[in-house]
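Colleague: Mind having a look at this structure? Questions to follow.
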């Protein structure tokens, strides 16, 4: 027996949720689909490949004050930022859900990032299975399925005009609108099939090709903007600066990317990764070598955003196959 | 006119003419509204568009640049560059939603104290009519 | 079959000749992208890379942007007319040396709207307005120069924006800038933006800073555009690469229009031109009082 | 960490009268990095400055803000105060609480106090980003240039030379002497003008330290104080002064006669001439425009048709020493100077603007200077006062005051200061020339403010019978040989008509021709009347805002001879003071360029008005821009031209100006 909810009931459920808490859902904006705070259920978009930016934006915001320090008649008061409102994050794809899990690994490992932890704790993730695949999707090659319900609290899978509802976690179960859900025999449709990217052996071959000239040649055309890192669901690098304004201090954390020129500039001006090749190489070593070493999983979920948005088409799938060929050559 | 609203003007005055003109308005005891905050610069050509933009962002309702009359610049050519730079930046700010009345580039010589005081009065009046700026 | 494909053999032959003769260390051109439809920049070092060179109506990138990274070697570059204007700009601002750049000029059929995996049939807006279909500077020209006819109304969209009320303009740009994620792709793609440390990344003085918020985004976009006033060569790469579709050409071309009206100057037409904000004419009034 | 001290000045009641000092001090205490706040009744006084010095030492202050009058007034004074306490003088910022606040918002004390607090907050923000600056020593050419050979220029040149320094005196007329040489007597002592001036002119010619360049003009001035580079145009005299002995044969025999500028058209001079008998140098120049031989040469060269002018050459034939040199051409010399004194003097207001007085139409309506020439023994009539129309002796002479002065519509708004005195002088001297003459003087107010001036004016009325009529002249028209002067006598309230034989217009003083152009060349500013603007009307009357350029005499505004001489000496004293040191300390507020951020586009080199930036190659082979600090004037143009923010300006850095903006 599967539980099912009609499209109409789903929207009314979302409308109810909007009344109670913050609801972030896909919305159309300037020819793109972006996760935005929904004020009306009918603004929510249900049929889309994937959003331009990843859900991490809601947990690790573009910019966020970690704490503020004020001086009131002599004594110093430090007020950390807290996340007090409950949020429902609706419409997260399985690849992005895996992305959240991947970011959880470093950020929630003790000592956990307090603010990120609060964002995650206060948010209920409602997953939405993919009904068709985008041209650049390759999540299956990363061990994810278009209808994979892991890493979310509730999983919805579209079938004809309604959605199969699966409560995955207690938090999800608590949120389910039992009055709108019906029992049904209907079976989930087969998951769409995707092109496969052979990734086995990539982690092992990486250490051997660190000095290969391949990286600097690949970086020739790289513009070193931050698009690939900012659209990627598994990139979590950030920069922290203090802002002083008339005596009160605010510590701000903002997104940063290993590609931007000043990322590894040390005091005194020396930059260990000053060349273009070194910076681009770092992106792929983090995802395909260092991350698996520390957390056991490849740091890529196959969402294909970096492939689609990179201005000069540096395609991670191509890089993986080039590296595998390179690794094979150097062995024999 | 909003009751009690006092527009805030940031004035970049060139040391040799604008600032000296303002000094002369002082020594001649010519009163004008207290809405202007003066920042002294060696030459109107020293004013960077970034400073004008940050002034607006910081809450200025109006920004004034007062330099020497073209041809009378203490540094000979300074105000020619000011003229070019802000003849371009002024309509650009207007294009971005900052009303053109909020930004003025004027030539005030060291002997034009009265002109300076009239300039501040008319600018304050005009800004009072326009009302406060919306937040960016 | 897109126009311009017939130019490919000539480009390849010239590239092979330059590489085998050792006249250049590398040829910067275009190759097919991983979607099999659009194009991406190619750095050909050996003669046998030459067969990857293509040229069609998806070759949008302004390759002149890469010349500042190849200052200490001699390179050849495939240059559309807009790219050639960028080369003039870089020469005028002493960033490259003419004798170290061999320009393979290509008569441009115009570039079509395209994103990864998808090609439109409509020419890009900038190409519809383009007045020079023949590169302004080249060592070797590929293609027949067509007769030039000036476009209808090059700045109609800018005029529309100018006609709006202050409130409308303010809310329009506020909404656009609010979407900016400060990935700086617009800067990195621009041939005119070659500063080692951009003003936006400097912390002292703190003009922008790292906070990604409407106020900081506004300073970034206004000053980026103004730093290109009288310099922008309208290749429109900044708008094309923007991941959140901010209409940057509306900003650049407003300044381009005003620079033309106020100073009668167009950027990139000659390698000796002094940018308009670094010079003046005593007798001009420019609408300023007196 | 900055430890800022804030000192608020009452300036007696000038500031305290409008701004609530206590409230400002209370607000200042809360400002970031402020550790000490104090106030003074008169900060610029000795006790005021002493209290600051002590506070700096006692509280280990490393930055100072003074809320007082305009920095243009006492910035120098307070820098010395701060330096005396051992603190770098540039770690000081002044908030202009007087000229920009209390004096202009006297009606609204609440707003004035609020503004004063914000001005102090801005100064604190700016000084918190200030850095210690250290002036540099630059070389100094101990050689002075004096522009203009009138009495002021002569006095300046003599005093500088007497102080032991080289002087070059440049005069564009053939002889020095200026307008004073044209006068007959001077008020109030009735000294003969030539008798007191000529000895000084001769001193100039004979002084070993003075190089006299007449018939020469300053064309271009580059450089800065201590290191001026001046291009001087030597107009071709066509006479070799090294050979010429000044015997006078040439100008006595020269056939070409034309009106003499020196005599204001009343007398005549020849094509080869000296302007007046006591001219210094007493050697002639050839007026190439009117010289018959020059016209002959021009005619031959251009091969025009028509009557060929005579091939004159009389002067060349008669000259005993063969001094005539037709080949002489204009030359330009470039010379180094450490200081420049500008004494370009005045010219009389052209009364033709007043059609109703008939100046220029009726020959018997003359200007004051023309009367001087008539009365002058070496003048065109050898001192005999005649009517230019028929040469007869005038019985009734009418003087009209304020012609061109005190008149916003047709003339200048200012009073020319000397006319009342020279009208009285003329009335006295006419009586001495011919006791029968009766002088009438139409006046608005008699301005006789100098020493013995009032007594002199009284004598003109009591002893010499001059009749003063208080009123303006409306019209002058000829009627059977006489000039009917219609005016009014406001004291008796009735119009008055006088049939005059001679009318003398007391024309005002305006700057000499080309003053505005000279100001641009010297890069000093002039006011709306083209008089040069002094650095401060009361405190620095002979200096300009351009270091090393000084002013003297009536080029600053209408003034009489004692003032011109006094200012000539004052300017000379300033030059001597400047030259008393071997080197000059340069203003450290110059531009800086950060080679790390500089991208070598060199747009700043294009923009710099003083060519103070050139390109240089760094150790890693990059071409970047570099500032020549001794030439940089500190305008900051390069800073706003530099996109990557490599250029900055000490004292007005981007950080400081942004800090001022961000505290609002």
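Colleague: Restricting the search to the stretch B:7-21, which residues are over 17 Å from residue B:110 (Cβ atoms) and facing chain D (nearest Cβ under 8 Å)?
Modeller: The answer is B:8, B:10.
Colleague: Taking residue D:99 as the residue in question, decide whether it is within 14 Å of chain B (Cβ to nearest Cβ), touching a strand residue (DSSP E or B) at 6+ places or on another chain (Cβ under 7 Å), closer than 16 Å to residue D:8 by Cβ and surrounded by 24 or more Cβ atoms within 10 Å (Cβ to Cβ).
Modeller: Considered against the rule, which asks whether it is within 14 Å of chain B (Cβ to nearest Cβ), touching a strand residue (DSSP E or B) at 6+ places or on another chain (Cβ under 7 Å), closer than 16 Å to residue D:8 by Cβ and surrounded by 24 or more Cβ atoms within 10 Å (Cβ to Cβ), residue D:99 comes out as no.
Colleague: Is it fair to say residue C:286 is within 17 Å of the chain's Cα centre (by Cα) and either in a loop (DSSP other than H, G, I, E, B) or within 12 Å of chain B (Cβ to nearest Cβ) (or both)?
Modeller: no
Colleague: Restricting attention to the stretch C:164-184, which residues are within 7 Å of another protein chain (Cβ to nearest Cβ), touching a helix residue (DSSP H, G or I) at 6+ places or on another chain (Cβ under 7 Å) and part of a loop (DSSP other than H, G, I, E, B)?
Modeller: Scanning the stretch C:164-184 gives C:181, C:183.
Colleague: Here is a follow-up. Looking at B:64, B:50, B:24, which one is under 22 Å from residue D:95 (Cα atoms) and either touching a residue at least 60 places away in the same chain (Cβ under 8 Å) or facing chain D (nearest Cβ under 10 Å) (or both)?
Modeller: Criteria check complete, one pass: B:24.
Colleague: Which one of the conditions (1) surrounded by 15 or more Cβ atoms within 10 Å (Cβ to Cβ); (2) part of a loop (DSSP other than H, G, I, E, B); (3) in contact (Cβ under 8 Å) with a residue 40 or more places away in the chain does residue A:47 fail to meet, given that it meets all the rest?
Modeller: Status for residue A:47: all satisfied but (1).
Colleague: Now for a separate question. Taking the stated definitions as given, is residue C:187 within 13 Å of chain A (Cβ to nearest Cβ) and touching a residue at least 24 places away in the same chain (Cβ under 8 Å)?
Modeller: So residue C:187 passes the test.
Colleague: Residue check, residue C:273 against (1) more than 7 Å from every other protein chain (Cβ to nearest Cβ); (2) closer than 25 Å to residue B:78 by Cβ; (3) crowded, with 23+ Cβ neighbours inside 10 Å, all met but one. Which one?
Modeller: Looking at each condition in turn, residue C:273 falls short on (3).
Colleague: Kindly provide the set of residues from the stretch D:194-209 that are surrounded by 21 or more Cβ atoms within 10 Å (Cβ to Cβ) and touching a strand residue (DSSP E or B) at 6+ places or on another chain (Cβ under 7 Å), ordered by number.
Modeller: Passing the criteria: only D:204.
Colleague: Output the number of the condition that residue D:57 fails; it satisfies all remaining conditions of (1) within 14 Å of another protein chain (Cβ to nearest Cβ); (2) assigned to a helix (DSSP H, G or I).
Modeller: Residue D:57 satisfies every listed condition except (1).
Colleague: Tell me yes or no: at least one residue of the stretch D:83-93 is more than 14 Å from every other protein chain (Cβ to nearest Cβ) and not in a loop (DSSP other than H, G, I, E, B).
Modeller: Yes, the stretch D:83-93 contains at least one residue that is more than 14 Å from every other protein chain (Cβ to nearest Cβ) and not in a loop (DSSP other than H, G, I, E, B).
Colleague: Only residues that are free of Cβ contacts under 8 Å to residues at least 24 places away in the same chain and within 10 Å of chain A (Cβ to nearest Cβ): list them for the stretch C:209-244, please.
Modeller: Selection gives C:209, C:210, C:211, C:213.
Colleague: Restrict the check to the stretch C:58-74 and report whether at least one residue is more than 14 Å from chain A (Cβ to nearest Cβ) and crowded, with 23+ Cβ neighbours inside 10 Å.
Modeller: Among the residues of the stretch C:58-74, not one is more than 14 Å from chain A (Cβ to nearest Cβ) and crowded, with 23+ Cβ neighbours inside 10 Å, which makes the answer no.
Colleague: Can you find a residue in the stretch C:255-266 that is away from chain B (no Cβ under 11 Å), in contact (Cβ under 8 Å) with a residue 40 or more places away in the chain and under 15 Å from residue B:85 (Cα atoms)?
Modeller: no
Colleague: Which members of the stretch A:212-227 meet the condition of being assigned to a helix (DSSP H, G or I) and at the interface with chain C (Cβ under 9 Å from one of its Cβ atoms)?
Modeller: A:217, A:227
Colleague: Here is a list of conditions, (1) crowded, with 17+ Cβ neighbours inside 10 Å; (2) under 22 Å from residue D:79 (Cα atoms), and residue D:607 meets all of them except one; can you say which number that is?
Modeller: It fails just one condition, (2).
Colleague: Do the conditions hold for residue C:104, that is, is it in a strand (DSSP E or B), surrounded by 21 or more Cβ atoms within 10 Å (Cβ to Cβ) and touching a helix residue (DSSP H, G or I) at 6+ places or on another chain (Cβ under 8 Å)?
Modeller: yes
Colleague: Shifting gears a bit: Filter the stretch D:278-310 down to residues that are in a loop (DSSP other than H, G, I, E, B) and surrounded by fewer than 12 Cβ atoms within 10 Å (Cβ to Cβ) and give me whichever is nearest to the chain's Cα centre (by Cα).
Modeller: D:289
Colleague: Can you name the number of the only condition in (1) surrounded by 14 or more Cβ atoms within 10 Å (Cβ to Cβ); (2) touching a helix residue (DSSP H, G or I) at 6+ places or on another chain (Cβ under 8 Å) that residue C:141 fails?
Modeller: Every listed condition holds for residue C:141 apart from (2).
Colleague: Residues that are closer than 22 Å to residue D:204 by Cα and more than 14 Å from chain B (Cβ to nearest Cβ): find the helices (runs of 4 or more DSSP H) completely inside the stretch D:532-646 holding 2 or more of those.
Modeller: D:561-579
Colleague: Hey, another quick one. Given the criterion touching a residue at least 12 places away in the same chain (Cβ under 8 Å), within 29 Å of residue A:20 (Cα to Cα) and not in a strand (DSSP E or B), identify the matching residue among A:97, A:133.
Modeller: Just a single option satisfies the conditions, and that option is A:97.
Colleague: For the stretch A:60-92, how many residues meet the condition of being in a strand (DSSP E or B) and closer than 26 Å to residue A:234 by Cβ?
Modeller: 10
Colleague: Condition first: more than 11 Å from the chain's Cα centre (by Cα), surrounded by 24 or more Cβ atoms within 10 Å (Cβ to Cβ) and closer than 26 Å to residue D:101 by Cβ. Can you find one or more residues in the stretch B:92-108 that meet it?
Modeller: No, that holds for no residue.
Colleague: Does the stretch D:632-653 hold any residues that are in contact with a strand residue (DSSP E or B) (Cβ under 8 Å, 6 or more places away or on another chain) and over 21 Å from residue B:77 (Cα atoms), and which are they?
Modeller: Of everything in the stretch D:632-653, just one residue is in contact with a strand residue (DSSP E or B) (Cβ under 8 Å, 6 or more places away or on another chain) and over 21 Å from residue B:77 (Cα atoms), namely D:646.
Colleague: So which residues in the stretch D:430-456 are farther than 24 Å from residue D:491 by Cα, surrounded by fewer than 21 Cβ atoms within 10 Å (Cβ to Cβ) and in contact with a strand residue (DSSP E or B) (Cβ under 9 Å, 6 or more places away or on another chain)?
Modeller: Scanning the stretch D:430-456 gives a single hit, D:431.
Colleague: Then there is this: Just for strands (runs of 3 or more DSSP E) wholly inside the stretch D:326-368: which have at least 3 residues that are modelled with pLDDT of 95 or more and touching a helix residue (DSSP H, G or I) at 6+ places or on another chain (Cβ under 8 Å)?
Modeller: D:339-342
Colleague: Is it true that some residue in the stretch A:17-28 is surrounded by 15 or more Cβ atoms within 10 Å (Cβ to Cβ), over 22 Å from the mean Cα position of the chain (by Cα) and assigned to a helix (DSSP H, G or I)?
Modeller: yes
Colleague: Taking the stretch D:492-512, which residues are surrounded by fewer than 23 Cβ atoms within 10 Å (Cβ to Cβ) and either outside the structural domain of residue D:473 (by TED's automatic domain parsing) or in contact with a helix residue (DSSP H, G or I) (Cβ under 9 Å, 6 or more places away or on another chain) (or both)?
Modeller: D:512
The values are calculated or read from the model by the stated rules, or taken from the named source; none is laboratory data. Here the structure is a predicted model, which is why all the values come from computation and not from measurement. Every residue, glycine among them, receives a Cβ derived from its backbone with ideal geometry; neighbour counts consider all protein chains shown.
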